[in-house]
Amino acid sequence: MDSHFDEELKRVKQDILKLAAMVEDSITKALEALKKRDTGLAKTVQDIDREVDKLEMSIEETCIELIARHQPVGSDLRFLIGVIKMNNDLERMGDHAVNIATTIDYLVDQPRIRPIILWSMARIVKEMLKESVESFMNNDAVRAQKVCEHDSVVDEMRDETIRILLTHMLEEPEKISSAISYILVAKNLERIADLTTNICEDVIYIAQARVIKHHAEAGGKKES
C-alpha cells in the first residue's frame, strides 16, 4: 500500500510540474505577443488557459481523493496540501497571462510606447517562476527563500514603470490609452510575482514545516 501511495504522489508531482510548464509557456507567449502586437499569438494564450483550467481541476480532485483515501500525515500531508495551494496559484498566474494577452487587441491601433523597464520586470518575473518550480522539484527551501526576496524588487519595478508611463501620459496625451494598457500589464506581472512567492512559501512549508506567510514566524503581520 505504501509503495502504491508513493507512486500516486509521484504522479501528482509530475502533473503539477506539467501545469507549471504550461503556465510558463502561457506567460512567455503573452509577453511575446505583447512585444510583437501579435493578436494571433495572443489567442493561443487563451487556448492554453483552457487546458490549464482542466488540469488544475484534475490535480485538485486527485489530491483531495488521496487525502481522503490514505489519510496521510507529516511530510506527505504537507506535500498534498502544498500542491493544492500551488495548483491554485499556478491557475491564477495563467489568468494573469490571459489578462496581458487581451490588451493586445486594443494596443494594435494605438501609438507605440517603449516601456523598457517593463521588459526587465517581465524577465525577473519569469526567472522567479522558473526558480520556484526548481525549488519545488528539489524540495529546496533555501532556493525558495531567495525567490521570495526578489518580490520587493518587482514591486519597485512596477512602481517605476507606472511613474514613467504617467510621464508619457502627461507629455504625450495621444499615448494615454497605450500607457494605461501597459500599466495594467505591469500590475498583472506584479501579481504573477506575488503568486510565485506564494509557491515558494509553500515549498518552505513542505520542506521544513515552517510557515513564513505574513511573517508568521516573527508573530507579526505583513504590511499591505
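The values are calculated or read from the model by the stated rules, or taken from the named source; none is laboratory data. All values reported here derive from a predicted model rather than from experimental measurement. Neighbour counts are summed over all protein chains in view; Cβ atoms, including those assigned to glycine, are modelled from backbone coordinates with ideal geometry.
Could you tell me whether any residue of the range 57-72 is among the hydroxyl-bearing types (Ser, Thr, Tyr), free of Cβ contacts under 8 Å to residues at least 60 places away in the same chain, under 18 Å from Leu17 (Cα atoms) and not in a loop (DSSP other than H, G, I, E, B)? So far as the range 57-72 goes, yes, one or more of its residues are among the hydroxyl-bearing types (Ser, Thr, Tyr), free of Cβ contacts under 8 Å to residues at least 60 places away in the same chain, under 18 Å from Leu17 (Cα atoms) and not in a loop (DSSP other than H, G, I, E, B). With the condition kept exactly as written, say whether any residue in the range 90-110 is in a helix (DSSP H, G or I), surrounded by fewer than 20 Cβ atoms within 10 Å (Cβ to Cβ) and free of Cβ contacts under 8 Å to residues at least 40 places away in the same chain. No, every residue in the range 90-110 fails to be in a helix (DSSP H, G or I), surrounded by fewer than 20 Cβ atoms within 10 Å (Cβ to Cβ) and free of Cβ contacts under 8 Å to residues at least 40 places away in the same chain.
Here is a list: Lys35, Lys29. Which entry is within 13 Å of Ile100 (Cβ to Cβ), modelled with pLDDT of 95 or more and either among the aliphatic types (A, V, I, L, M) or part of a helix (DSSP H, G or I) (or both)? Let's see the steps before the verdict.
On the way: Lys35 fails: modelled with pLDDT of 95 or more.
So the residue among Lys35, Lys29 that is within 13 Å of Ile100 (Cβ to Cβ), modelled with pLDDT of 95 or more and either among the aliphatic types (A, V, I, L, M) or part of a helix (DSSP H, G or I) (or both) is Lys29.
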